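Peer 1: The structure follows.
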Amino acid sequence: MHGKTSYPIAFSPLDLGFTRLKNRFLMGSMHTGLEELPNGFPRMARYFAERAKGGVGMIITGGISPNIEGGSGAKLSTSEEAQAHREITDAVHKADPEVKICMQILHMGPLARGKYAVAPSAVRSRIARAAPIELDAAGIEKQLDDFVNCAVKAKEAGYDGVEVIGSAGYLISTFLVQKTNLRTDEWGGPFENRMRFAVECIRRIRQAVGDQFILIFRIAAMDMLEGGMSWDEVVQLAKAIEEVGANIISTHFTWHEAAVPTIATMVPRAAFTGVTGRLKKHLGIPLITSNRINMPSVAEEVLRRGDADIVSMARPMLADADLVVKAWEGREDEINTCIACNQACLDHTFTGQEVSCLVNPRACHETKLNYLPVAKIKKLAVVGAGPAGLAFSEIAASRGHHVTLFEQSSEIGGQFNLAKQIPGKEEFHETIRYFRRTIDKYSILLNLNCKVTVSQLVKEGFDEVIVATGITPRVPDLPGITHEKAVGYIDVISGNRAVGRKVAIMGAGGIGFDVAELISHTGKSAALDRQIFAQEWGIDFDNHPRGGVTGVKPVVASADREITLLQRKATPVGRGLGKTTGWTHRITLNRRGVKMINGVEYLKIDDLGLHLLINNEHQILDVDTVVICAGQTSQRGIYDELTDKGVKVHLIGGAFEAAELDAKRAINQAAHLAAQV
């Protein structure tokens with residue numbers, strides 16, 4: 001059975017009148033950081049072309065500014081700039097002439113970097129450094145002219161269309177919402193005036209580019225803002241946008257400053273598509289839905305329900321460029337699934353780094369990192385089947401090497417087997433499933449429950465040995481560390497040791513937060529239940545108050561425990577967590593009553609509890625359990641012995657460096673070594 005029968009709706013074409021999409025899979029817009037680089041265009045061309053070959057029906061690029069004020073870092077306003085984009089459009093159309101590629105026009109408005117930020121009113125965003133410049137009437141006309149010019153130049157560059165983003169807290173969306181549009185002229189006041197900029201933008205673009213050009217408008221269907229757009233306003237705007245010439249409306253959820261997660265792994269799959277489905281009933285043009293749709297089965301179900309006409313999958317196309325063709329060929333079990341960790345993609349975007357993917361380091365590095373067939377087949381041993389060992393084994397074997405993988409435990413996955421136990425991190429099961437499949441696909445010889453010895457490795461005559469033995473939890477030198485109250489985090493997450501009602505967690509890194517999440521949690525995981533997720537984050541999907549959240553109080557169930565999360569550093573607890581997801585963990589734990597204390601010094605553990613110095617004052621936390629999350633040490637294991645015996649040996653992953661558990665670094669390091677060996 002292949003995709004034509006497994007996913008009949010997803011693989012059906014969509015007629016737009018003057019053109020058609022070959023299927024309903026869209027690679028959604030995602031800024032990669034390549035847009036700003038001097039050599040970015042050849043890299044983007046290769047990146048998009050590989051996704052075109054991978055089977056998608058349409059691609060939308062990362063955001064390109066219409067002018068200097070737009071502030072996204074890459075601009076299109078001249079014919080010279082349009083010519084540079086030709087490298088991208090030509091590459092995509094050469095890869096598959098049926099694939100459509102549209103450029104996203106992104107004007108960041110008050111979120112623009114630098115001194116040129118503009119907006120309808122001088123209202124500073126919660127996440128911006130300064131208030132924007134308020135546009136006067138002439139300034140508004142200039143911005144509209146620049147949007148039109150950008151669309152015309154995109155057509156000149158060979159794009160099949162443009163997407164105008166009118167959501168997320170960027171320029172157009174700030175005209176729409178009353179709290180960011182304080183104007184009293186024809187561009188402000190009643191909603192008819194506030195939506196004028198968006199409507200004029202689409203109307204003028206359509207006039208300028210003609211009818212044979214795809215025009216998409218991205219609407220904030222539920223902006224997650226207190227006092228945001230009402231449902232009636234969303235419908236009114238969408239109808240007006242359709243009327244003035246948009247071919248497609250793409251639904252977006254949230255502003256960047258909203259305090260509701262929409263893209264993190266804790267968000268249920270396809271959590272927001274019902275909102276798109278409701279809007280679809282009011283319109284005659286196709287709708288795109290998005291957010292946490294990471295497998296073809298999810299896309300098909302969304303389409304089957306009638307929630308949308310096209311399904312956007314952005315990060316999943318980073319994780320696996322061949323996602324769609326694998327679905328078509330019935331190879332779903334070979335899809336390297338996006339786990340929505342954000343660590344190498346969105347966290348990089350918002351910290352000015354090049355985007356990649358934790359589970360696929362080749363993403364956005366297609367011109368630099370390639371897995372070419374080997375000239376000489378080697379017999380390789382990999383010791384340790386955690387993320388680093390698995391990634392190395394897969395890539396090295398795919399290139400043609402003979403790989404034997406040794407793992408001392410009864411299952412592959414290493415630290416991912418702990419991660420998958422944390423409520424909200426269930427997606428980690430998918431990565432382990434993927435690696436299990438690649439072990440079979442590439443005939444990797446797997447030895448479980450096998451603590452391999454140096455003599456065994458030497459005897460079997462491996463050409464090279466890759467040591468990926470991971471980490472050992474660090475045991476701090478603290479009086480009472482062996483007391484019965486002290487428990488290691490592995491035993492807690494694995495369920496090997498009971499945890500009392502009153503708990504102190506020593507260490508507030510990622511593992512400390514995971515432990516706090518696990519032991520403060522009760523009931524079903526919100527990531528697996530849309531209704532629980534909505535309750536925990538104060539979203540009313542049924543009644544859609546303004547922004548979907550206005551007046552809705554989050555209701556968070558919590559286990560009957562008193563938990564204190566402790567940190568030696570004086571910095572705020574949780575500051576080192578991922579930029580796009582850390583705040584969600586802090587909010588969740590705060591709502592469950594978890595206390596967070598920084599700047600502590602640990603003294604000892606005894607029958608009374610955990611002794612501390614806080615602000616140079618001695619305190620005793622009367623707790624039943626002290627969970628030790630005090631970092632890790634590298635488990636170099638047999639590396640030094642093999643080196644002494646003259647064996648060619650490599651060290652990767654946590655065994656190489658264990659400052660903090662970092663699967664992103666481990667898999668990236670493994671991939672680069674496997675590409676070269």
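The values are calculated or read from the model by the stated rules, or taken from the named source; none is laboratory data. Just so it is clear, the structure is predicted and the values come from calculations on it, not from any experiment. We place every Cβ from the backbone using ideal geometry, glycine too, and count neighbours over all the protein chains shown.
Okay, residues lined up against (1) at pLDDT below 95; (2) among the charged types (D, E, K, R):
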| residue | (1), (2) |
| --- | --- |
| 11 | no, no |
| 21 | no, no |
| 36 | yes, yes |
| 59 | no, no |
| 67 | no, no |
| 75 | no, yes |
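Peer 1: Could you tell me how many of the residues in region 332-349 are more than 19 Å from residue 662 (Cα to Cα) and either in contact with a His (Cβ under 9 Å, 6 or more places away or on another chain) or assigned by TED's automatic domain parsing to the domain that holds residue 420 (or both)?
Peer 2: Final tally of qualifying residues: 0.
Peer 1: Please pick out the residue among 113, 86, 129, 124 that is in a helix (DSSP H, G or I) and at negative phi.
Peer 2: One residue alone meets the criteria, 86.
Peer 1: Please note which helices (runs of 4 or more DSSP H) are completely contained in region 491-595 and include at least 2 residues that are touching a strand residue (DSSP E or B) at 6+ places or on another chain (Cβ under 7 Å) and crowded, with 20+ Cβ neighbours inside 10 Å.
Peer 2: Ranges flagged: 510-520.
Peer 1: Does residue 598 satisfy the criteria of being among the polar types (S, T, N, Q), free of Cβ contacts under 8 Å to residues at least 24 places away in the same chain and not assigned by TED's automatic domain parsing to the domain that holds residue 456?
Peer 2: Answer is no for this residue.
Peer 1: Only one of these is farther than 23 Å from residue 359 by Cβ and of a type outside the set (Gly, Ala, Ser): 618, 585. Name it.
Peer 2: After ruling out the rest, the residue left standing is 618.
Peer 1: From the residues in region 600-650 that are on the phi > 0 side of the Ramachandran plot and out of contact with any strand residue (DSSP E or B) (no Cβ under 7 Å at 6 or more places or on another chain), which one is surrounded by the most Cβ atoms within 10 Å (Cβ to Cβ)?
Peer 2: 631
Residues checked against (1) outside the structural domain of residue 54 (by TED's automatic domain parsing); (2) surrounded by fewer than 23 Cβ atoms within 10 Å (Cβ to Cβ); (3) in contact with a strand residue (DSSP E or B) (Cβ under 9 Å, 6 or more places away or on another chain); (4) closer than 27 Å to residue 184 by Cα:
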{"residue": "80", "(1), (2), (3), (4)": "no, yes, no, no"}
{"residue": "95", "(1), (2), (3), (4)": "no, yes, no, no"}
{"residue": "108", "(1), (2), (3), (4)": "no, no, yes, yes"}
{"residue": "115", "(1), (2), (3), (4)": "no, yes, yes, yes"}
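Peer 1: Assess whether residue 165 counts as being among the hydrophobic types (A, V, I, L, M, F, W, C) and in a strand (DSSP E or B).
Peer 2: Considered against the rule, which asks whether it is among the hydrophobic types (A, V, I, L, M, F, W, C) and in a strand (DSSP E or B), residue 165 comes out as yes.
Peer 1: Among the numbered criteria (1) in a helix (DSSP H, G or I); (2) surrounded by 24 or more Cβ atoms within 10 Å (Cβ to Cβ); (3) β-branched (Val, Ile, Thr), which single criterion is violated by residue 235?
Peer 2: Tallying (1) in a helix (DSSP H, G or I); (2) surrounded by 24 or more Cβ atoms within 10 Å (Cβ to Cβ); (3) β-branched (Val, Ile, Thr), residue 235 fails exactly one: (2).
Peer 1: Across region 239-257, which residue is farthest from residue 208 (Cα to Cα) among those that are at pLDDT 95 or above and surrounded by fewer than 23 Cβ atoms within 10 Å (Cβ to Cβ)?
Peer 2: Residue satisfying both the conditions and the ranking: 239.
Peer 1: Now for a separate question. What pairs come out if I take residues in region 560-579 that are more than 17 Å from residue 518 (Cβ to Cβ) and pair them with residues that are aromatic (Phe, Trp, Tyr) and assigned to a strand (DSSP E or B) whose C-beta lies under 9 Å away, six or more apart or interchain?
Peer 2: Within 9 Å, the pairs are 568/602.
Peer 1: May I pose another question? Answer yes or no: is there a residue in region 457-474 that is basic (Lys, Arg) and either at pLDDT below 95 or farther than 12 Å from residue 605 by Cα (or both). Spell out how you get there, then give the answer.
Peer 2: Pass one, region 457-474, residues basic (Lys, Arg): 459, 474.
Then drop every residue that is not either at pLDDT below 95 or farther than 12 Å from residue 605 by Cα (or both), which leaves 459, 474.
Yes: one or more hits.
Peer 1: A further question on this structure: Do we have residue 299 as under 23 Å from the mean Cα position of the chain (by Cα), aliphatic (A, V, I, L, M) and outside any helix (DSSP H, G or I) here?
Peer 2: no
Peer 1: Is region 426-437 home to any residue that is more than 28 Å from residue 369 (Cα to Cα) and in a loop (DSSP other than H, G, I, E, B)?
Peer 2: Yes, there is a match, as at least one residue in region 426-437 is more than 28 Å from residue 369 (Cα to Cα) and in a loop (DSSP other than H, G, I, E, B).
Peer 1: Condition (residue is touching a residue at least 24 places away in the same chain (Cβ under 8 Å) and either under 30 Å from residue 61 (Cβ atoms) or within 14 Å of the chain's Cα centre (by Cα) (or both)) applied to region 373-387: is it met by at least one residue?
Peer 2: Restricting attention to region 373-387, the residues satisfying the condition of being touching a residue at least 24 places away in the same chain (Cβ under 8 Å) are 373-374, 377-387.
Now narrow it down to the ones that are either under 30 Å from residue 61 (Cβ atoms) or within 14 Å of the chain's Cα centre (by Cα) (or both): none.
Scanning region 373-387, I find no residue that is touching a residue at least 24 places away in the same chain (Cβ under 8 Å) and either under 30 Å from residue 61 (Cβ atoms) or within 14 Å of the chain's Cα centre (by Cα) (or both), so the answer is no.
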